Amino acid sequence: SVDLVGDISGYFAPGAGSTLTTAGPCRAFDTRSGAGNCSGAATITNTPLGAGSAMQLNVVGVGGVPSDATAVVMNLTAVGATRTTFVTAWPDGAPRPTVSNLNVSNANATPNLAIIPIGTDGSIDLYNAAGSVNLIGDISGYFAPNSGSTLVTTGPCRVFDTRTGAGNCPGAGGVVQAALTAGHTVKIAVSAVAGVPSNATAVVVNLTAVSATQGTFVTAWPDGQTRPTVSSLNVSNRNPTPNLAVVPVGTDGMIDLYNAAGNVNLIGDISGYFAP
């Protein structure tokens, strides 16, 4: 048995709100180093965030995020937590909400994708509840009015599974039926899969790692581009480890997935796409 908690941060509806523009992926900040590699990333203090403390982070002008952006798509990762904690992300200038964007139970790298509203000053805030923890933020897109792509839901269905070499989405192609080895990349066709059109700019995919032989991370990015130095999924043991990802699609309709260390099976379940 399990208790479940759900925190709403927004909704999608036709003819309203903002649309997605993909960006990066790139690293907006890393408290371990005090820097990121997104264009325009600010230097921050290279120290863990303490208990009951919050940090302010400017995101406008970082990785191409414009001044009229309403929200940023950011993969948050906690590393080296000294005790069980949670992290809350919210727009700067607003009261801190009583929700969690990232729940951390140990010192292992723990990720979660967040769509974070941006304050009127172009900043977001991040709060750590207990102990101390290093935080990393990787930007993959932003929402702004009158530009970008709109969400179309599809599935959910399985695009691929390296354990079986197949998926069950309509149009899903096969992949090699083998775990992805260290330092290797697998290409996944998403165009024409589960109704994803050729002009889709990004897909919404739940990535799951299974039976990792050692701690590793997985990077997802558009095929045809240089692999970015970000993580989409952080894995610490053999247990199934999931994370949602909004992955930009390459001009050939494919995405790439890279495994950093050991061997790991990967699963991808699609729930939607963005298109103009």
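Rounded to whole Å and sorted largest first, what semi-axes of the equivalent ellipsoid does the C-alpha gyration tensor of the range 1-58 yield via the square root of 5 times each eigenvalue?
The three semi-axes for the range 1-58 are 28, 22, 11 Å.
So with the 1.4 Å probe, I'd like the accessible area per residue for the range 6-83, rounded to whole Å².
48 Å²
What percentage of the solvent-accessible surface of the range 56-125, computed with a 1.4 Å probe over protein heavy atoms, is contributed by carbon and sulfur atoms?
Carbon plus sulfur share of accessible area: 51 percent.
Give me the base-10 log of I(q)/I(0) for the range 119-271 at each q in 0.09, 0.16 Å⁻¹, Debye formula, one uniform scatterer per Cα, rounded to two decimals.
Values returned for q = 0.09, 0.16 Å⁻¹ are -0.31, -0.91.
Give me the number: length gained by fully extending Ala35 to Asn237, i.e. 0.36 nm times residue separation minus the C-alpha to C-alpha distance, one decimal in nm.
Length gained between Ala35 and Asn237: 69.9 nm.
When only C-alpha pairs under 8 Å and at least 6 residues apart count, what is the relative contact order of the chain, in percent? Walk me through the numbers before you get to the answer.
Values: 826 pairs, mean separation 56.2, N = 276.
Worked out over the chain, it gives 20 percent.
Taking the Kirkwood radius as the inverse of the mean 1/r across Cα pairs, report the Rg/Rh of the chain.
In the chain, Rg relative to Rh is 0.95.
Considering only protein heavy atoms and a 1.4 Å probe, what is the carbon-and-sulfur percentage of the accessible area of the range 148-215?
After summing per-atom areas, the C and S share lands at 53 percent.
Could you please report the charge total around Ala189, scoring K, R as +1 and D, E as -1 over all other residues with beta-carbon less than 13 angstrom from its beta-carbon?
In short, -2.
What is the local net charge at Gln56, summed over the other residues whose Cβ is closer than 11 Å to its Cβ (Lys, Arg +1; Asp, Glu -1)?
Charge balance near Gln56 sits at -3.
Which number do you get for Rg(Cα) / (2.2 N^0.38 Å) in the range 181-272?
Computed over Cα atoms of the range 181-272, the ratio equals 1.03.
Can you give me the accessible area per residue for the range 108-212, using a 1.4 Å probe, in Å²?
38 Å²
Out of the chymotrypsin sites (Phe, Trp or Tyr not before Pro) in the range 1-96, which ones are loop residues according to DSSP with at most 10 other C-beta atoms within 10 Å? Display every interim value, and only then the final one.
Working: sites: Tyr11, Phe12, Phe29, Phe86; in loops: Tyr11, Phe12.
Qualifying residues, ordered by number: Tyr11.
Would you mind counting up the charge near Arg96? Only other residues with Cβ under 15 Å from its Cβ, with Lys and Arg at +1 and Asp and Glu at -1.
-3
At 0.36 nm per residue, and after removing the present C-alpha to C-alpha distance, how many nm does the segment from Phe12 to Ala178 gain when stretched out fully?
Separation in residues times 0.36 nm, less the Cα-Cα distance, equals 56.1 nm.
Any idea what the relative contact order of the range 1-78 is, in percent, if you count C-alpha pairs under 8 Å spaced at least 6 apart?
Relative CO of the range 1-78 lands at 21 percent.
The values are calculated or read from the model by the stated rules, or taken from the named source; none is laboratory data. This structure is a prediction, so every number in the text was calculated from the model and none was measured. In this analysis, Cβ positions are derived from the backbone assuming ideal geometry, glycine residues included, and neighbour counts consider all displayed protein chains. Side chains are part of the model used for accessible areas, which takes the heavy atoms of the whole protein and leaves out ligands, DNA and RNA. Shrake-Rupley method; radii C 1.70, N 1.55, O 1.52, S 1.80 Å.
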